[in-house]
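Engineer: Below you'll find the structure I mean.
The values are calculated or read from the model by the stated rules, or taken from the named source; none is laboratory data. Quick caveat: nothing in here was measured; it's all calculated off a predicted structure. FYI the Cβ positions are ideal-geometry reconstructions off the backbone, even for glycines, and counts take in every protein chain you see. Note: accessible area is taken over every heavy atom of the protein model, side chains too, but ligands, DNA and RNA are not part of it. Shrake-Rupley method; radii C 1.70, N 1.55, O 1.52, S 1.80 Å.
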Amino acid sequence: MPSAQNTEPPYRVIAAEIRSRIASGELRPGDRVPSIRAISQRWGVAIATATKVTAVLRAEGLVEARVGSGTVVSPRAGGERTSPAHRTATGARAAGPPDQEALRPHVLRTAVELADTEGLPALTMRRLAAELDLGPMSLYRYVTGKDDLLAQMADLVFGDVTLPEDGPRGWRAKLELVARQHWRLTRRHLWLPHVISFTRPVLAPTMLAHTEWTLRALDGLDLPMDVRLQEALTLHAFVVTIGLSKADEARAERDTGLSLNRWSDSQRPQRRQLLASGRFPLLAALSDDAAPDLDALFEYGLARHLDGFAVLVGDRTQEANDPT
């Protein structure tokens, strides 16, 4: 952790250390720099502080996002000229118009990384264009606007999840599989739950394929298609709801600089005073020292939801077999 005697903010101290490693040649152009999570763990700072470190280095032109590699030392940091391939990819000094379909994944991956590391509010068309070394209007070759950008980002990351053709045996195992895959996806991309809408759904091929897979998981249960669709949407809504809590916690951490554990620690005296009043004897009997575990909450909620669905399936099967 940065020395407490240093009057500089921690993120500037850490940025200076990484900057020094770049200047000395220890980190050369193209080398991967510590990720936000690695900075948080190595220096013992909150994710919000680690995010500021990367933002400072990026603003100075020392690092850049690179598809498949994460955040790396920029070629410009070593005094090298940007390579012709990079100039073509960014649209700078290109001999002709860029291949829009070939470059679209690069644009979207850069947008995803920006949203992953700095949050959805940081993802503006102007900021994304700057990350890509493009003029803001150039982005409209690839997307029609911010809503279209978010829809394509969501479709892209859903494509990173591979669902098996048949999946495990039994409807419950199949629903557990797809729910857990989507939970991992929302934990990896905290902005994703804010993009998904159930009232105005995005007609994106990859996302539709996931819904189709879930509907097919219920084959053989003799359920009407509208019931199968309601189950698919309800299951996904459950995942998104827990995902929103995870996303809100990440935003709170960025805004306050306090991790969930540190925030929980700061609330402990007031919490214990309330519980000691005798007004809440059942809550007082619980251990309240640990921060909420959203992964455990997800697993509990998933199990109880599927228990309830099993009752519905059993009731319908009994009705179908009842000769009266």
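Engineer: Being touching a residue at least 24 places away in the same chain (Cβ under 8 Å) and closer than 18 Å to ASP307 by Cα is the filter here; which residues of the range 165-204 pass it? Give the steps one after another, and end with the answer.
Structural biologist: Here is the first cut: in the range 165-204, the residues touching a residue at least 24 places away in the same chain (Cβ under 8 Å) are 167, 171-172, 174-176, 178-180, 182-183, 185-196, 198, 202, 204.
Of everything in the range 165-204, those that are touching a residue at least 24 places away in the same chain (Cβ under 8 Å) and closer than 18 Å to ASP307 by Cα turn out to be TRP171, ARG172, LYS174, LEU175, GLU176, VAL178, ALA179, ARG180.
Engineer: Further, regarding this structure: Within the set of pairs 6+ apart or on separate chains, which have a first residue in the range 9-37 that is modelled with pLDDT of 90 or more, a second that is exposed (fewer than 14 other Cβ atoms within 10 Å of the Cβ) and of a type in the set (Ser, Thr, Tyr), and C-beta atoms under 8 Å apart?
Structural biologist: Qualifying pairs under 8 Å: none.
Yes/no matrix, rows are residues, columns are (1) open to solvent by 50 Å² or more (accessible area, probe 1.4 Å); (2) farther than 22 Å from ALA303 by Cβ; (3) touching a Lys or Arg at 6+ places or on another chain (Cβ under 9 Å):
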{"site": "ARG200", "(1), (2), (3)": "yes, yes, no"}
{"site": "LEU208", "(1), (2), (3)": "yes, yes, no"}
{"site": "TRP213", "(1), (2), (3)": "no, no, yes"}
{"site": "LEU221", "(1), (2), (3)": "no, no, yes"}
{"site": "LEU229", "(1), (2), (3)": "yes, yes, no"}
{"site": "ALA247", "(1), (2), (3)": "no, yes, no"}
{"site": "ARG251", "(1), (2), (3)": "yes, yes, no"}
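Engineer: Also, I was wondering about something else. Scan the range 272-299 residue by residue and report those that are part of a helix (DSSP H, G or I), within 28 Å of ARG180 (Cα to Cα) and touching a helix residue (DSSP H, G or I) at 6+ places or on another chain (Cβ under 7 Å).
Structural biologist: LEU294, LEU297, PHE298
Engineer: Kindly check whether there is at least one residue in the range 176-197 that is under 19 Å from ALA247 (Cβ atoms), open to solvent by less than 10 Å² (accessible area, probe 1.4 Å) and touching a Lys or Arg at 6+ places or on another chain (Cβ under 7 Å).
Structural biologist: Yes, because at least one residue in the range 176-197 is under 19 Å from ALA247 (Cβ atoms), open to solvent by less than 10 Å² (accessible area, probe 1.4 Å) and touching a Lys or Arg at 6+ places or on another chain (Cβ under 7 Å).
Engineer: Considering only residues that are open to solvent by less than 10 Å² (accessible area, probe 1.4 Å) and either outside any helix (DSSP H, G or I) or out of contact with any Pro (no Cβ under 7 Å at 6 or more places or on another chain) (or both), which ones fall in the range 128-141? Give the derivation first.
Structural biologist: Here is the first cut: in the range 128-141, the ones open to solvent by less than 10 Å² (accessible area, probe 1.4 Å) are 128-129, 132, 139.
Residues satisfying the conditions are LEU128, LEU132, LEU139.
Engineer: Okay, next question. What number of residues within the range 236-256 satisfy the criterion of being under 23 Å from TRP213 (Cα atoms) and among the polar types (S, T, N, Q)?
Structural biologist: Keep residues of the range 236-256 that are under 23 Å from TRP213 (Cα atoms), which gives 236-243.
Within this subset, residues satisfying the condition of being among the polar types (S, T, N, Q) are 241.
Summing the residues that are under 23 Å from TRP213 (Cα atoms) and among the polar types (S, T, N, Q) in the range 236-256 gives 1.
Engineer: Any idea how many residues of the range 250-271 are in contact (Cβ under 8 Å) with a residue 40 or more places away in the chain and either in a helix (DSSP H, G or I) or of a type in the set (A, V, I, L, M, F, W, C) (or both)?
Structural biologist: Of the residues in that region, 8 qualify.
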